[in-house]
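What follows is a short report on a single structure.
The values are calculated or read from the model by the stated rules, or taken from the named source; none is laboratory data. Quick caveat: nothing in here was measured; it's all calculated off a predicted structure. Because the Cβ atoms are built from the backbone with ideal geometry, glycine has one as well, and the counts that use them run over all protein chains shown.
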Amino acid sequence: MNALARLWNAGWTVRIALLVVIGIAVIAIGGPVLAPYDPLAQDTANALQDSSVAHLLGTDYLGRDVFSRLLAGAPASLLSALGAALIGLIIGAVPGALSAFAPKIGEWLSLRVVDALLSLPFILFAIVFAALLGNGLVQATLAIGILLAPSFFRIARAATLRVRDSQYVEAALFLGGSAWWVLRRHVWRQVAPNLVVASVSALGGALLAVASLTFLGIGVQPPAPTWGGMLASDLGYLSQRPLGPFGPALAIIITVGALNLLADAARDVLGADAVNGRVLRKEKTHV
């Protein structure tokens, strides 16, 4: 709670970003319920209409309400990004932290696997992965999560290496504690602030990746709405409706920008807490 209060007091921009993220979370949960119209209902007589009182963001090429589709497409876009970030965190952070205590051969092999994953072209790998396992949102989310894992691996490993040589960690290992026990008991609370910041930042990157894949028609097929899919369909009618891509593009920009602001603020707040925690622990070991 202290960290949350400090985050709220970090500045008015951070407060706005936090409120935006909370609002986006509400939309991600209840977007289809909040939509004023059926996002799939077609009205070709009113196709490609500009913004009005009846249709806040106008209508698309089939006369569907853009605002309703934007709300209805939020869960697929946002929850997929959240799922990808969680997958990357789980399969990247735990092996990354454990690699700091692994034997030299295990450490070398894990680093080579991470280097191989980092060398893969992001979008191309996701396309191939989806093609092999089926063109679905679950497959696309899993592919993005796998490609996010190396960054979590490196962050968790670097943070663990800084703690590994502390006296209390060396004492725990000397007294017979296993690497997993030492990690849970002594290391995680020092690594956690770095992973929180990385997770918030990864959410923005995952959302951009999900939007890119759905823009290419991977993950969710029309007529189901997604922010990336709406961008792709609107680009074909720029001459009739130049501001057509404005809604989904603005939603992506605002969400990613708010997440990046929160990541920067969390780094400052939680980073200070982590430093204080290390100092207190070192003082206790000396006592």
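Structural remarks
- Pairs, first under 21 Å from Gly134 (Cα atoms) in region 218-237, second among the basic types (Lys, Arg), C-beta under 6 Å, six or more apart: Pro225/Arg69
- Residue among Ile16, Ile87 that alone is modelled with pLDDT of 90 or more, assigned to a helix (DSSP H, G or I), closer than 30 Å to Ile144 by Cα and among the β-branched types (Val, Ile, Thr): Ile87
- Looking only at region 3-12, residues that are loosely packed, with under 14 Cβ neighbours inside 10 Å and touching a residue at least 12 places away in the same chain (Cβ under 8 Å) come to 1 in all.
- Matching residues, region 237-274, being of a type in the set (Ser, Thr, Tyr) and surrounded by 23 or more Cβ atoms within 10 Å (Cβ to Cβ): Thr255
- Answer residue from region 159-187, given it is free of Cβ contacts under 8 Å to residues at least 12 places away in the same chain and of a type in the set (Gly, Ala, Ser) and is farthest from Pro95 (Cα to Cα) among those: Gly176
- Qualifying residue in region 44-56 (condition: in contact with a strand residue (DSSP E or B) (Cβ under 7 Å, 6 or more places away or on another chain), at positive phi and touching a residue at least 24 places away in the same chain (Cβ under 8 Å)): yes
- Count of region 213-236 residues, restricted to those that are part of a helix (DSSP H, G or I) and either surrounded by 19 or more Cβ atoms within 10 Å (Cβ to Cβ) or of a type in the set (D, E, K, R) (or both), is 10.
- So Ala81, is it assigned to a helix (DSSP H, G or I), over 30 Å from Trp181 (Cβ atoms) and at pLDDT 90 or above: yes
- Qualifying residue in region 19-26 (condition: at pLDDT below 90, touching a helix residue (DSSP H, G or I) at 6+ places or on another chain (Cβ under 8 Å) and over 30 Å from Ala192 (Cα atoms)): no
- Residues of region 108-128 satisfying the condition of being modelled with pLDDT under 85 and either more than 15 Å from Ser151 (Cβ to Cβ) or of a type in the set (Val, Ile, Thr) (or both): Pro121, Ile123, Leu124, Ala126, Ile127, Val128
- Condition met for Arg189 (within 22 Å of the chain's Cα centre (by Cα), surrounded by fewer than 18 Cβ atoms within 10 Å (Cβ to Cβ) and either assigned to a helix (DSSP H, G or I) or modelled with pLDDT of 85 or more (or both)): yes
- Residues of region 238-262 satisfying the condition of being under 16 Å from Asp50 (Cα atoms), without any contact (Cβ under 8 Å) to a residue 12 or more places away in the chain and not polar (S, T, N, Q): Leu238, Pro242
- Selection within region 13-62 - within 23 Å of the chain's Cα centre (by Cα) and crowded, with 16+ Cβ neighbours inside 10 Å: Val14, Ala17, Leu18, Val20, Val21, Ile24, Ile27, Ala28, Gly31, Pro32
- Checking each residue in region 166-224 for being hydroxyl-bearing (Ser, Thr, Tyr) and over 30 Å from Ala41 (Cβ atoms) picks out Ser166, Tyr168, Ser178, Ser199, Ser201.
- Scan of region 201-232 for residues that are polar (S, T, N, Q) and in contact with a Leu (Cβ under 9 Å, 6 or more places away or on another chain), ordered by number: Ser201, Thr214, Thr226
- Condition met for Ala131 (more than 17 Å from Arg267 (Cα to Cα), at pLDDT below 90, of a type in the set (A, V, I, L, M, F, W, C) and surrounded by 22 or more Cβ atoms within 10 Å (Cβ to Cβ)): no
- From the list Pro32, Pro39, Pro95, the lone residue that is not hydroxyl-bearing (Ser, Thr, Tyr) and not in a helix (DSSP H, G or I) is Pro39.
- Scope region 162-184; condition touching a Ser or Thr at 6+ places or on another chain (Cβ under 9 Å) and not in a loop (DSSP other than H, G, I, E, B); matching residues: Gln167, Tyr168, Ala171, Leu183
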